Amino acid sequence: MRLSNKVALVTGAGSGIGRAIARRFHDEGAFVYVNDIRAAAAEETLGADRALVADVSDSGQVATMFSSLERLDILVNNAGVAESPERWREVNRIAEARLEESPITSHWDVTVSMDDSTWRRMIAVHLDGTFFCTREALKIMNPQGSGVIINLSSTAALAGLADAPHYAAAKAGILGYTKAVAKEVASRGIRVNAIAPGFTQTPMTELVSDKVRSASLATIPMGRWGQASDIAAAALFLASDDAAYVTGQCLSPNGGAL
Ligand code: NAP
């Protein structure tokens, strides 16, 4: 019960990593609010009484969500989006072709073909969402004189990701934001850290083809993708008092890939 008497909010917790974090925090004694953009998904994680529906990229919806909270000890900025199913098919097609080609003739050409709205949506959900939720959380945590914020970044921020420059940019922005806010609020007794997972098995990544998935294993010394529970364990460490002297850091569970 490492989080007994703590109140937590996990965004995007109706699926994958966020759901695993919410359930792990619950098992460790926290009262956990479960945010998601879809009510049914949020309610399935820990029940309807814990569900808070809001689009984290909408500052008005975020402010309304936080106005229902009286106390907040832990915020996990986890909500995220990846590619559309059509785009995943294209990514798989190019990635599989490149495995066979020498020299490579199937070029990614993501940046030259990306429209403004695709770029904006990626930045809005990840980077704006992290800022909007952090801003509201600090209005509660500052007067408390305590709190923990954990932001989901990605190995894409650390190493780049050829098929998703917008995603890598958003996640790298989150890393810089994490380090800055950690310094900003340390004197308030608030810790801010990031987690940068490598490939993790969740609904977000289930459309990666078997061939591309197999090829990715060659880049992971541990020879497997992460599970959502692996990331939840990292979040629990950062949320708990075991990490009392840890702030402004990035913990990257990635099986040794980086
Ligand atoms: P996931 O299974 O797709 O879960 C993300 C959840 O966030 C979904 O329920 C999604 O709803 C929700 N969401 C999307 N946009 C939202 C918004 N604007 N407001 C509120 N909720 C929203 O993905 P995951 O793999 O667990 O990823 C969780 C986090 O880890 C993300 O930030 C992701 O970028 C990061 N991450 C994942 C991996 C990986 O390999 N899986 C690796 C590194 C980092 P919908 O399903 O309706 O979109």
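Residues with amide H under 5 Å of Cys250's amide H, sequence separation 5 or more or different chain, H placed in the peptide plane at 1.01 Å from N; which?
Under 5 Å from the amide H of Cys250 lie the amide H atoms of Ala194, each far enough along the sequence or on another chain.
Given Cβ point charges of +1 (Lys, Arg) and -1 (Asp, Glu) and nothing else, what value in debye, to the nearest 20, does the dipole of the chain about its Cα centre take?
Numbers: 24 positive and 28 negative charges, 128 e Å.
So the magnitude is around 620 debye.
Among 148-161, 49-62, 217-230, how do they line up from the highest to the lowest mean number of other beta-carbon atoms within 10 Å? Kindly include the intermediate steps, with their values, before the conclusion.
Values: 148-161: 22.6, 49-62: 18.3, 217-230: 14.9.
Final packing ranking: 148-161, 49-62, 217-230.
Please give the contour-minus-distance gain from His107 to Arg135: 0.36 nm per residue of separation, less the Cα-Cα distance, rounded to one decimal in nm. Don't jump to the answer; show the numbers that get you there.
Numbers: separation 28, 0.36 × 28 = 10.08 nm, distance 4.00 nm.
Contour length minus Cα-Cα distance gives 6.1 nm.
Can you give the helix-only mean residue ellipticity at 222 nm for the chain, where every DSSP H stretch with n ≥ 4 adds -39500 (n - 2.57) and the sum goes over all residues, rounded to the nearest 500 deg cm²/dmol? Let's see the in-between values first.
Values: 11 runs with 119 residues, N = 258.
Value at 222 nm, helices only, nearest 500: -14000 deg cm²/dmol.
Once the piece of chain linking Ala244 and Leu207 is laid out straight, how much longer is it, given 0.36 nm per residue of separation minus the C-alpha distance between them? Mind showing how you got there, number by number?
On the way: separation 37, 0.36 × 37 = 13.32 nm, distance 3.81 nm.
The Ala244-Leu207 span can extend by a further 9.5 nm.
Based on the alpha-carbon gyration tensor of the range 113-246 and its eigenvalue square roots a ≥ b ≥ c, which shape applies: rounded if a/c is under 1.5, prolate if not and a/b is larger than b/c, or oblate?
Numbers: a/c = 2.59, a/b = 1.48, b/c = 1.75.
Oblate.
Towards the positive end of the charge dipole of the range 7-251, with charges on Cβ (+1 Lys, Arg; -1 Asp, Glu), say which of Ile195, Val91, Ala162 has the farthest Cα.
The one lying farthest along the dipole's positive direction is Ile195.
Once you order the gyration tensor axes a ≥ b ≥ c over the Cα atoms, which shape class does the range 24-123 get: rounded for a/c under 1.5, otherwise prolate or oblate by comparing a/b with b/c? Walk me through the numbers before you get to the answer.
On the way: a/c = 3.35, a/b = 2.26, b/c = 1.48.
Since a/c reaches 1.5 and a/b is larger than b/c, the shape of the range 24-123 is classed as prolate.
Can you give me the C-alpha center-to-center distance between the range 162-206 and the range 99-113, rounded to a whole angstrom?
Spelled out, the Cα-based centre of one part sits 28 Å from the other.
Amide H of Leu9: which non-local residues (sequence gap of 5 or more, or other chain) have their own amide H closer than 5 Å, using H built in the peptide plane?
Placed amide hydrogens put Tyr33, Ile74, Leu75, Val76 under 5 Å from Leu9.
Please give, to one decimal in nm, the separation of the simple spin-label points placed at Leu217 and Ala63, each 7 Å out from Cα toward the Cβ.
About 5.0 nm, to one decimal.
When only C-alpha pairs under 8 Å and at least 6 residues apart count, what is the relative contact order of the range 7-251, in percent? Kindly include the intermediate steps, with their values, before the conclusion.
Details: 430 pairs, mean separation 52.1, N = 245.
Worked out over the range 7-251, it gives 21 percent.
Quote the Stokes-Einstein diffusion coefficient, in whole µm² s⁻¹, for the chain, based on the Kirkwood radius over alpha carbon pairs, a temperature of 37 °C and a viscosity of 0.692 mPa s. Display every interim value, and only then the final one.
Working: Rh = 18.7 Å.
Answer from the Stokes-Einstein relation: 176 µm²/s.
Need the full-extension length gain, Ala48 to Ala97, defined as separation in residues times 0.36 nm minus the C-alpha distance. One decimal, nm. Before the final figure, lay out each step's value.
Values: separation 49, 0.36 × 49 = 17.64 nm, distance 4.51 nm.
Between Ala48 and Ala97, full extension yields an extra 13.1 nm.
If you add up the charges near Asn142, with Lys and Arg at +1 and Asp and Glu at -1, over every other residue whose beta carbon is less than 12 angstrom from its beta carbon, what do you get?
Working: positive: Arg135, Lys139, Arg188; negative: Glu136, Glu184.
Result for the local shell: +1.
Read-outs throughout are calculated quantities, based only on the coordinates presented, and are distinct from any laboratory measurement. Source: prediction; values computed, not measured. Counting neighbours? That spans all protein chains shown, and the Cβs are built from the backbone with ideal geometry, glycine included.
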